[in-house]
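Chemist: Got a structure for you, questions after.
Quick note: the coordinates plus some simple rules give every number you see, no bench work behind them. Note that the structure is a prediction, hence the values are computed from the model and not measured. Here Cβ is always computed from backbone atoms with ideal geometry, including for glycine, and neighbour counts include all displayed protein chains.
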Amino acid sequence: MLDLLHPAHLLFVVLVALAVFGPSRLIEMSRNLGRILRDIQAYKAELKDELTSTTSEVEADKKPFPEKKG
């Protein structure tokens, strides 16, 4: 199986990106990527909290089904 996260591969990708975009553009893209990842983590935590609270409310409101007669 290919090891795609090998340090040599990562270095090659960084060097190609540096050659294509230039140093200032690469720094700007890295900052934007960091902001996007931070926002995604915040939204994920918010969604998890919302689902947990909703599930807790549903569990608290759960009533047993009445038994069927005959």
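Chemist: As I understand it, the value is the acute angle between the Cα axis of helix 7-21 and the longest principal axis of the Cα atoms of the chain; what does it come to in degrees, rounded to 10?
Modeler: Tilt relative to the chain: about 70 degrees.
Chemist: Could you compute the FRET efficiency for residue 17 and residue 42, with r as their C-beta to C-beta distance and R0 at 22 Å, rounded to 0.05?
Modeler: 0.25
Chemist: On to the next question. With the crude spin-label approximation of a point 7 Å out along Cα→Cβ, what separation in nm comes out for residue 26 versus residue 55?
Modeler: Placing both labels 7 Å along Cα→Cβ, they lie 4.3 nm apart.
Chemist: Specify the angular offset, from 0 to 90 degrees and rounded to the nearest 10, of the alpha carbon long axis of helix 23-61 from the longest principal axis of the alpha carbons in the chain.
Modeler: 10 degrees
Chemist: Taking trypsin sites (Lys or Arg not before Pro) as candidate sites, keep only those in a DSSP loop with at most 14 other Cβ atoms within 10 Å, then name the longest stretch of the chain containing none of them.
Modeler: Maximal segment without exposed cleavage sites: 1-61.
Chemist: Local charge sum around residue 46 (other residues, Cβ-Cβ under 15 Å, Lys/Arg +1, Asp/Glu -1)?
Modeler: 0
Chemist: For the chain, what is the convex hull volume of its Cα atoms per residue in Å³?
Modeler: Considering the Cα atoms of the chain, their hull volume per residue is 178 Å³.
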